[in-house]
Amino acid sequence: MKEKILFTLYSLIFGILNSQNIKPEDTEIWDPEPKIVSPGASFRDAPSDAIVLFSGLNLNKWVHKNGEPARWDVKDGYFTVKPGSGSILSKDFFGSCQLHVEFMSPIDIEGDGQNRGNSGIYLMDNIEPGDGYEVQVLDSYNNRTYSNGQAGSIYKQHIPLVNASKKPGEWQTYDIIFKAPVFNENGEVKSPAYVTIFHNGVLIQNNSEIQGYIEHIGYPKYEAHPPKLPIKLQDHGNLVSYRNIWVREL
Ligand code: MG
């Protein structure tokens, strides 16, 4: 009985399709053809269409907020926050993007909570009066703090799904897929920002909706801003190191 119903159904559908003369190629889409990108040797390496913001040599692609060249310390293919010198911003501006960053918490463990290995990756920084959207960088290996402020949180907005932190002194990766917010002409949010993050290859933010620019005290809110802005690395007074930073515009 079941087979008979199925067969009738099949015949009916086949009949309809046939009567419309739909051929397999009618549902093939050939245009546009995705452009060819050569991937890196591993997922850590920049693909051919990436903009490399730090390859190991210098901080030529970064400045301090006042426009002066970035003065953080570069050696052995990585660079380290220079406490008190101020955060650094990419000279290039970005909106929606795929961003790869490697970071290392200081091997000499000092402080706890928010005072241990604190830095941050700010997407779309330099929003007045706000400060962009922060992906928290923190030493969260055996270091409890508020969950929406630990490594991989969208600071004060989204708790990471899991804590995939490695030990201080070990290199870690963030692979961030960021969708920039869109604003109407009157400044209202047309579409909020979304972010997906892999921490050391582990999914920790799954298309999380960003509620506005970061607020340390109070609640996040949106303020209309240009479609592209710098990426910022935060000087929070701790000796966090970075290497191999590249970005693909989406
Ligand atoms: Mg921070």
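Some points to look at:
- Subset of the range 87-146 that is away from the ligand (no atom under 13 Å from the Cβ) and basic (Lys, Arg) - its residue that is surrounded by the most Cβ atoms within 10 Å (Cβ to Cβ): 91
- Which numbered condition residue 211 misses (of (1) in contact with a Lys or Arg (Cβ under 7 Å, 6 or more places away or on another chain); (2) part of a loop (DSSP other than H, G, I, E, B)): (1)
- Whichever residue in the range 171-186 is assigned to a strand (DSSP E or B) and of a type in the set (A, V, I, L, M, F, W, C) and, among such residues, is surrounded by the fewest Cβ atoms within 10 Å (Cβ to Cβ): 182
- Matching residues, the range 29-48, being aliphatic (A, V, I, L, M) and closer than 18 Å to residue 198 by Cα: 46
- Meets criteria (over 17 Å from residue 240 (Cβ atoms), within 16 Å of the ligand (Cβ to nearest atom) and not charged (D, E, K, R)) for residue 177: no
- The range 147-161, subset over 18 Å from residue 200 (Cβ atoms) and assigned to a loop (DSSP other than H, G, I, E, B), residue nearest to the ligand (Cβ to nearest atom): 155
Here is a yes/no grid of residues against (1) among the hydroxyl-bearing types (Ser, Thr, Tyr); (2) without any contact (Cβ under 8 Å) to a residue 60 or more places away in the chain:
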site: 66; (1), (2): no, yes
site: 70; (1), (2): no, yes
site: 93; (1), (2): no, no
site: 111; (1), (2): no, no
site: 115; (1), (2): no, no
site: 118; (1), (2): no, no
site: 137; (1), (2): no, no
site: 140; (1), (2): yes, yes
site: 146; (1), (2): yes, yes
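- When residue 46 is tested against (1) within 21 Å of residue 126 (Cβ to Cβ); (2) crowded, with 17+ Cβ neighbours inside 10 Å, just one condition goes unmet, and that condition is (1).
- Of residues in the range 229-247 being under 15 Å from the mean Cα position of the chain (by Cα) and in a loop (DSSP other than H, G, I, E, B), the one nearest to the ligand (Cβ to nearest atom): 234
- Taken over the range 187-199, the criterion of being in a loop (DSSP other than H, G, I, E, B), at pLDDT 95 or above and surrounded by fewer than 17 Cβ atoms within 10 Å (Cβ to Cβ) is satisfied by 188, 192.
The values are calculated or read from the model by the stated rules, or taken from the named source; none is laboratory data. Treat the numbers as computed from the prediction; the structure is a model and nothing was measured. For neighbour counting, all protein chains shown are included, and Cβ atoms are generated from backbone atoms with ideal geometry for every residue, glycine included.
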